[in-house]
Structures are given as structure tokens and as C-alpha cells.
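Input: a single structure, listed below in C-alpha cells.
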Amino acid sequence: MIKILFEDRADAGKKLADIMEEYKSTDTLILAIPRGGLIVGVEIARRFNLKIDLIIPRKIGAPFNPEMAVGAVTQDKTVILNCLLLDRLGLREEDLKDQITQEVKEIDRRMRLYRKSNHYPEYKQKNIILVDDGIATGYTVFASINSIKKIFNPDNVILAVPVAPFEIIEKLKSMVNIIKCLHIPEDFYAVGQFYKNFGQTSDQEVIDLMEEIAKIN
């Protein structure tokens, strides 16, 4: 039987903040993956009075089945692909060109919708905390980490998530400086199985939170 760990994303964010006291510093920036990751990240930002912004990766679907994720892309066109899966499917990166273009356009739309701009301020923080509401395949997090390193050149990248599968955490250890994860199950099916309420976060919720953040940051 799967144990429910979190009431909702806000509860997960508060519990994650409980193990992040050392990041109570003005030289730390939170980058949240919307939509759900923003709700988690905001709780950490509120607790420690940290700046928070968004990084928006998108999964890349197979041409014949958009629901089958074969990788991810970010706004600076950083692409992460599952090469083993592509080989099994008989696909090359060139075959994904249209999907990647569409997802980059969607990222641009969301950057403008959520942030009112597709450009970042001149962030010069030493630490960047990447936050999501959980990790399943890891594609969007892998792409986000690579993008963060290219765009911001941070001294440290800290990954903070409520839950993620053991094998993905093992892969991520070499990509970031520190991982803060509340639950790392070996028996993992989906992020939502650990939440009592894991309903979809709406665009409007993200917009409202970003407007609130703009008044504080």
C-alpha cells in the first residue's frame, strides 16, 4: 500500500523548506518548474525570503505518439534526449525537429504569459535552487539543470523536490551540487501517488502567484 506523504503541493513545499534552513541567504535564487513546481517553490521562498522565478522545460513527444516522452527542451533550446529509447523506436534527433520547434514556441508563450517577458534579469546569485513538485522520468529536470548552467553560470545548483525515484536521483547526483529530496522510493509509479490532492495547477494560479511574487522580489 502506497503511503500518502503530502496533502497537496503547498504542504510538500512547507515540508521541503523544513530541511533547507542553510539556504536562508540573499545570494540564493529559486527557479521553479511550472506549473506545480511553483506552488512548492513559493513555500520555500516565503519561509526564507528568497527570490523566485521560473524555468520552463517541456517534454518532447515521439512523432507518432506525443504522450510518449523521448526527451525535453528548455527556452534556450537545450535538448535532452533518451538515445536508447530513440534507437529502439528507430528515430533520430532530426525526426523530432517539428516537435522541438513546437515546444520551444509553447515555452515562449508561457514565459510571456507567466512572467510578462521571455528574458531574465541579471541574476548574479551564487546558489540556484531548482524546484519541482516531483520527478518521474527526469527529462525536464535534466534539461533544466543544463540550461541553468548555461544561462546563469551559478556557483552551486541545488535540486529540491518532495519525491523522486531512486534510479533518477542516482543519475542526478553527478549533475548538481546538492540534492534535497524528502522521499526516494524504489517502488515508484507516479509523482501523484504520494499526494492526497495532486490536481492540475491552472495557468491562472501561476499568473496570480507570479503577480504576488513580483510585489515581493
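The values are calculated or read from the model by the stated rules, or taken from the named source; none is laboratory data. This structure is a prediction, so every number in the text was calculated from the model and none was measured. Every residue, glycine among them, receives a Cβ derived from its backbone with ideal geometry; neighbour counts consider all protein chains shown.
The set of residues in segment 68-84 being part of a strand (DSSP E or B) and within 30 Å of Tyr120 (Cα to Cα) consists of Ala69, Val70, Gly71, Ala72, Val73, Val79, Ile80, Leu81. Can you say whether Lys171 is surrounded by fewer than 16 Cβ atoms within 10 Å (Cβ to Cβ), under 16 Å from the mean Cα position of the chain (by Cα), of a type in the set (Lys, Arg) and in a helix (DSSP H, G or I), as far as the supplied structure shows? Yes; evaluated as a whole, the condition is true for this residue.
The residues of segment 28-67 that are within 15 Å of Asp98 (Cα to Cα) and in contact (Cβ under 8 Å) with a residue 12 or more places away in the chain, listed by number, are Arg58, Lys59, Ile60, Gly61, Ala62, Pro63, Pro66. Evaluating Asp133 against the criteria (1) in contact with a Lys or Arg (Cβ under 9 Å, 6 or more places away or on another chain); (2) surrounded by fewer than 20 Cβ atoms within 10 Å (Cβ to Cβ); (3) charged (D, E, K, R) leaves one unmet condition, (2).
Is it true that some residue in segment 126-136 is farther than 22 Å from Gly71 by Cα, in contact with a strand residue (DSSP E or B) (Cβ under 6 Å, 6 or more places away or on another chain) and modelled with pLDDT under 95? Checked segment 126-136: at least one residue is farther than 22 Å from Gly71 by Cα, in contact with a strand residue (DSSP E or B) (Cβ under 6 Å, 6 or more places away or on another chain) and modelled with pLDDT under 95. Picking from residues in segment 174-217 that are more than 23 Å from Ile145 (Cα to Cα) and β-branched (Val, Ile, Thr), the one that is surrounded by the fewest Cβ atoms within 10 Å (Cβ to Cβ) is Ile216. Scanning segment 110-153 for residues that are among the basic types (Lys, Arg) and within 12 Å of the chain's Cα centre (by Cα) returns no hits.
Taken together, the residues in segment 86-105 that are surrounded by 14 or more Cβ atoms within 10 Å (Cβ to Cβ) and part of a helix (DSSP H, G or I) amount to 10. Only residues that are modelled with pLDDT of 90 or more and of a type in the set (Gly, Ala, Ser): list them for segment 18-41, please. Ala32, Gly36, Gly37, Gly41 - these are the residues of segment 18-41 that are modelled with pLDDT of 90 or more and of a type in the set (Gly, Ala, Ser).
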